[in-house]
1. Taking the criterion of being under 22 Å from V119 (Cα atoms) and of a type in the set (A, V, I, L, M, F, W, C), would at least one residue in the range 178-196 satisfy it?
2. What do you reckon, is I358 more than 23 Å from G43 (Cβ to Cβ), surrounded by 14 or more Cβ atoms within 10 Å (Cβ to Cβ) and at pLDDT 95 or above?
3. I need the full set of residues from the range 147-202 which are in a helix (DSSP H, G or I), small (G, A, S) and touching a residue at least 60 places away in the same chain (Cβ under 8 Å), in order please.
4. State which residue is surrounded by the most Cβ atoms within 10 Å (Cβ to Cβ) when the search covers only the range 212-235 and only residues that are more than 18 Å from the chain's Cα centre (by Cα), in a helix (DSSP H, G or I) and not polar (S, T, N, Q).
5. Select from the range 32-50 the residues that are under 27 Å from T329 (Cβ atoms), modelled with pLDDT of 95 or more and assigned to a strand (DSSP E or B) and list them in ascending order.
6. For residues that are in contact with a Pro (Cβ under 9 Å, 6 or more places away or on another chain) and under 29 Å from F163 (Cα atoms), tally how many sit in the range 58-72.
7. Give me the pairs, please: first residue somewhere in the range 93-114 and farther than 27 Å from S75 by Cα, second residue anywhere and of a type in the set (D, E, K, R) and assigned to a loop (DSSP other than H, G, I, E, B), beta-carbon distance under 9 Å, and either six or more positions apart or on two chains.
8. From the list R205, R223, R234, which residue is in contact with a strand residue (DSSP E or B) (Cβ under 9 Å, 6 or more places away or on another chain) and closer than 16 Å to V128 by Cβ?
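The values are calculated or read from the model by the stated rules, or taken from the named source; none is laboratory data. Since this is a predicted model, take the numbers as computed values, not measurements. Every residue, glycine as well, gets a Cβ built from its backbone with ideal geometry; the counts of neighbours run over all protein chains shown.
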Amino acid sequence: MARRSLLAAAGAAGLVAGTGRTAWAGTGQRAERIRLTLPGPTGPSPVGTTELHLVDSSRRDPWTSAAAPRELMVSLWYPTSDAYGRPRAPWLPPGAEAVWKRQVAQQVRTSLDDVDLPVTHAAVDAPVAAGHRGRPVVLFSAGYGSVRALGTALVEDLAGHGFVVVAVDHTYEAPVVEFPGGRLELSRQPADASDDDILKALGVRQDDIRFVLDTLVQLNAGRNPDAGHRPLPRCLRGSLDLSRIGMFGHSLGGDTTAEVMVRDRRIRVGVNLDGAVHGAARTAGLDRPFLLMGSAVHGRDTDATWADFWSHLRGWRLDLRLRDSRHMTYTDLSPLAQQLEKALPLAPEVIAYLTNTIGTIDADRAVTAQRAYLAAFFDLHLRGRDGHLLSGPSARYPEIEFVP
């Protein structure tokens, strides 16, 4: 069934990470804290971000027993005109951070008490930089049992290149979602999800994304859809070009991208990062541009759902493979886990587990290649800018294989 996130099976999505300066005492105890980091964005614009608490009063939450409306947390990432003096957003808010550190410490069997989680490169609530006619919009959906933070390295890089990116947490499927005021909602998924469980999650995600699309219309018109009516960043009104919307996702998020595109033509282009295709898209196909990016062990030759989906794509299409990678190479876990291996005394079996999850590719090279091809794809199909990176193999990115 769907290729699940590394730590989804253990009740958490891959948060293991660690770099920074670490001193080792003779007893083996860490004498300094470890600061986790993410690669800096490469775009010309500084990045801003803001969170929204959204409530879909037209829909009962499918994961709860109470007749409660569906609630989501989403983040907007965008080019800003003024990041000076503003705090940078944390990778996870404090309550969610504490939950994840406990979960991951169990997974890697070592304390993370001296580990500080990453800080993003985005300024909180900074004003949105003006665009000529509104900026193209890209939605992001993480893998099954994962949180939106796992796509930060890719998301904030796209924002620095001029896109407005909307990252969505799928409440009660994600291991933890923190709402305003510190309220935490934990996963309600079974420890061993069945095919039916994952198909249900796929359906819920489609409804989540379509609701978010409706919300973007309100935002662009100058209305405030935040449930608490918290102030929005300046210049957000009119900053979105809703005629140019794309979407990408990892694992089940990539599957979600294809499924939403079958149902909703507002999504003009899509990318699936190493996720199988289980819904209607597998045989219905699409008539709009679509990019498949697979790991070294996953592709049309190993996944019949990809082969079927590919054969039914009627628009522009491209299949890429990232050499020496594994499923979670397409998440922030790739750079963070490699940092962890250098910073903490991990058991050999834990190191082997991480390697099998993120591959042997250098994380910086992996992130650089993913960023380049995502930006090239969305530039081509949402902006009409062709840098020819998608035309064939490039000496700049030997890690990327074009699959015929």
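1. Yes, because at least one residue in the range 178-196 is under 22 Å from V119 (Cα atoms) and of a type in the set (A, V, I, L, M, F, W, C).
2. Details: more than 23 Å from G43 (Cβ to Cβ): yes; surrounded by 14 or more Cβ atoms within 10 Å (Cβ to Cβ): yes; at pLDDT 95 or above: yes.
So I358 passes the test.
3. Within the range 147-202, the first condition is being in a helix (DSSP H, G or I), and the residues that meet it are 148-160, 180-182, 195-202.
If we keep only those that are small (G, A, S) too, we end up with 149, 151, 153, 159-160, 181-182, 201.
A149, G151, A153, A159, G160, G182, listed by residue number.
4. First, pick out the residues of the range 212-235 that are more than 18 Å from the chain's Cα centre (by Cα): 214-235.
Retained after the next criterion (residues that are in a helix (DSSP H, G or I)): 214-220.
Right, trim to not polar (S, T, N, Q) and you get 214, 216-217, 219.
Numbers: D214: 14, L216: 20, V217: 13, L219: 22.
Only one residue tops the list, namely L219.
5. Correct list: V47, T49.
6. Of the residues in the range 58-72, the ones in contact with a Pro (Cβ under 9 Å, 6 or more places away or on another chain) are 58-61, 70.
Remaining after also requiring under 29 Å from F163 (Cα atoms): 70.
Going through the range 58-72 one residue at a time, the tally reaches 1.
7. These pairs meet every condition: D114/E32; D114/R33.
8. Values: R205 fails: closer than 16 Å to V128 by Cβ; R223 fails: in contact with a strand residue (DSSP E or B) (Cβ under 9 Å, 6 or more places away or on another chain).
Going through R205, R223, R234 in turn, the sole match is R234.
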